[in-house]
Structure formats: structure tokens, C-alpha cells
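Worksheet: one structure, shown below.
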Amino acid sequence: YRMDAAVLLGADDTATQFGEPMRSVEPDGMRLVWQDLDRVFDIGAMPIVLGRSVQATYCITDARVSRSHARIDWHGSSFELTDLSYNGTYVRFGESGELLSLKRGSCTLHGSGVIGLGGVPGDEQSPTVRFEVLHFADTEPQAFGGPRSRR
């Protein structure tokens, strides 16, 4: 005997949904802020090279920063920061999180925090880049400390 698939599935074969659809936990972009340099990168712009060189994707003109100091890559569903420098790269997540020292190592970036290039974040002599992992579907990217101004 041959049975029709429509008969097996029934007339009402649509899925039932309850509540709001789940948002993607996968990030969409990365915001980097150093002094007045505020840039947002989507995952298609990876990798981002942070360094003193004019060829760096995110150029930081400071003597303690190597020409190619660190790199942010997109791996699967997360951002990975890798230290490429002689002086080291440091990461602090959130406001008062533990300090992570990367000496030719790497870590996964999540949430927000600061990246110290050549010195620990908070050292006034060390260039510190603020970062924020962004989910574009949830919110419009905002500047640190308030709404982003439109130019």
C-alpha cells in the first residue's frame, strides 16, 4: 500500500512556537575604542591587526606598541585575541575582572573589557583599547559611556 505524506503529517504540520524567538548567542561584531578612534568591525572584517604600523587594521600610534602587536580572529563562533608582540598584551574583562597576561598566547574575547598593549590596563603610560563584543540584532551599537553620536 502507498500512503501519501500529507496524510501522515496531517493538515496542520506547522511547528508551534511559544514566546519570543531565541536570539543568536553568536556575536555579530566587535567595537574597539582607543582615544578618539572608535570603530566597529563585523565578523567579515576579520582578522583585525592592532599595531603601530600604518598597515595595521587598527593603528595605535604609541612607541610601546609593536608594528603588529595583536590580532583578533573569528574562530567558529567567537573572537580570539592573539598576542604577537615582544612587550605582551593584557586583557581585563568587565570593570574589575581578573587580569589575563598573554605572552605569545591567546584568549577568547567576550562581553566587554580592556586590552593593554605593552603594559597592564590602568597604567597611564600603557595604551589601553576598550573592546565590546556586539550583537547587532539586540541593540544598535552604542559608544562607551552613552549613545553614539552620528556624524
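The table for this structure:
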item: Scope region 112-122; condition of a type outside the set (A, V, I, L, M) and at pLDDT 95 or above; matching residues; result: Ser112, Gly113, Gly116
item: Members of region 46-80 found to be touching a His at 6+ places or on another chain (Cβ under 8 Å) and surrounded by fewer than 16 Cβ atoms within 10 Å (Cβ to Cβ), listed by number; result: Ser78
item: Within region 80-136, tally of residues that are under 19 Å from Arg52 (Cβ atoms), touching a residue at least 40 places away in the same chain (Cβ under 8 Å) and either of a type in the set (A, V, I, L, M) or in contact with a strand residue (DSSP E or B) (Cβ under 6 Å, 6 or more places away or on another chain) (or both); result: 8
item: Those residues of region 36-49 which are touching a residue at least 40 places away in the same chain (Cβ under 8 Å) and farther than 15 Å from Trp74 by Cβ, in sequence order; result: Asp38
item: Considering residues of region 55-107 that are among the β-branched types (Val, Ile, Thr) and at pLDDT 95 or above only, the residue nearest to Val133 (Cα to Cα); result: Ile72
item: Residues of region 69-109 that turn out to be basic (Lys, Arg), assigned to a strand (DSSP E or B) and more than 24 Å from Asp42 (Cβ to Cβ), as a count; result: 1
item: Boolean, Asp38 is more than 22 Å from His135 (Cα to Cα), over 11 Å from the mean Cα position of the chain (by Cα), acidic (Asp, Glu) and surrounded by 14 or more Cβ atoms within 10 Å (Cβ to Cβ); result: no
item: Test result for Ser149, within 18 Å of Leu84 (Cα to Cα) and either in contact with a Pro (Cβ under 9 Å, 6 or more places away or on another chain) or at pLDDT below 95 (or both); result: no
item: Residue match in region 24-47 (condition: assigned to a loop (DSSP other than H, G, I, E, B), in contact with a Leu (Cβ under 9 Å, 6 or more places away or on another chain), modelled with pLDDT under 95 and closer than 17 Å to Gly118 by Cα); result: no
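The values are calculated or read from the model by the stated rules, or taken from the named source; none is laboratory data. Keep in mind that this is a model prediction, so the values were computed, not measured. In this analysis, Cβ positions are derived from the backbone assuming ideal geometry, glycine residues included, and neighbour counts consider all displayed protein chains.
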